[in-house]
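Below: one structure, written as structure tokens.
The values are calculated or read from the model by the stated rules, or taken from the named source; none is laboratory data. Model, not experiment: these values are computed from the prediction. Cβ atoms come from the backbone with ideal geometry, glycine included; neighbour counts cover every protein chain shown. What goes into the accessible areas is simple: the full protein's heavy atoms, side chains included, and nothing from ligands, DNA or RNA. Shrake-Rupley method; radii C 1.70, N 1.55, O 1.52, S 1.80 Å.
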Amino acid sequence: MFFSRSDGSGCEVLLNGVDALQMDDFREGNIVVYFGTTTRQHPGRLNDLARLYTPPHPSAAAEYHEAHAGLLDRKVDAVISGELVFVEMSPAIGADLVATCAQVSCRVHGVGS
């Protein structure tokens, strides 16, 4: 993803080793209000993390719901241990994104570069 400012500077953000990604309402001209990452601590917003891993249908057998709860627990543990990075992007206009990945890198671009 490339984030740019009105002065032409910006940064390129790469999500490496994507485990899961969910994005709604991507469009040309997105305006991002918040972009953040969480690793080596509890991700906090479990509803956002849960968006990445689709639960079984409500009528599914209890064993599937238990397995899904176990999966979410393992993903939280992976974020806490540093194995995964939880990524959140909130828009004013456009894409709403959550993801888990192995690493996030950023390369800054100055004006005119």
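Please tell me if Leu14 is closer than 19 Å to Arg107 by Cβ, in contact with a strand residue (DSSP E or B) (Cβ under 6 Å, 6 or more places away or on another chain), open to solvent by 50 Å² or more (accessible area, probe 1.4 Å) and touching a residue at least 60 places away in the same chain (Cβ under 8 Å).
yes
So which residues in the stretch 36-59 are hydroxyl-bearing (Ser, Thr, Tyr) and either open to solvent by less than 90 Å² (accessible area, probe 1.4 Å) or under 15 Å from the mean Cα position of the chain (by Cα) (or both), if there are any at all?
Those that are hydroxyl-bearing (Ser, Thr, Tyr) and either open to solvent by less than 90 Å² (accessible area, probe 1.4 Å) or under 15 Å from the mean Cα position of the chain (by Cα) (or both): Thr37, Thr38, Thr39, Tyr53, Thr54.
Mind checking which pairs have a first residue in the stretch 78-91 that is in a strand (DSSP E or B) and a second that is of a type in the set (Phe, Trp, Tyr) and surrounded by fewer than 16 Cβ atoms within 10 Å (Cβ to Cβ), Cβ under 9 Å, 6 or more apart or different chains?
Glu88/Tyr34; Met89/Tyr34; Ser90/Tyr34; Pro91/Tyr34
Scan the stretch 60-95 residue by residue and report those that are surrounded by fewer than 14 Cβ atoms within 10 Å (Cβ to Cβ) and under 30 Å from Gly29 (Cβ atoms).
If the condition is that a residue be surrounded by fewer than 14 Cβ atoms within 10 Å (Cβ to Cβ) and under 30 Å from Gly29 (Cβ atoms), then Ala92, Ile93 are the ones that fit.
Return only the number of the condition from (1) closer than 22 Å to Cys106 by Cα; (2) open to solvent by less than 80 Å² (accessible area, probe 1.4 Å) that Val33 does not satisfy.
(2) is the only condition that Val33 fails.
Output the qualifying pairs, or none if there are none: Cβ atoms under 7 angstrom, residues six or more apart or on different chains, first residue in the stretch 44-68 and within 17 Å of Asp96 (Cβ to Cβ), second residue open to solvent by less than 100 Å² (accessible area, probe 1.4 Å) and part of a loop (DSSP other than H, G, I, E, B).
Within 7 Å, the pairs are Leu49/Pro43.
Residue check, Val98 against (1) of a type in the set (A, V, I, L, M, F, W, C); (2) assigned to a strand (DSSP E or B); (3) open to solvent by 90 Å² or more (accessible area, probe 1.4 Å), all met but one. Which one?
If we test Val98 against (1) of a type in the set (A, V, I, L, M, F, W, C); (2) assigned to a strand (DSSP E or B); (3) open to solvent by 90 Å² or more (accessible area, probe 1.4 Å), just (3) comes out false.
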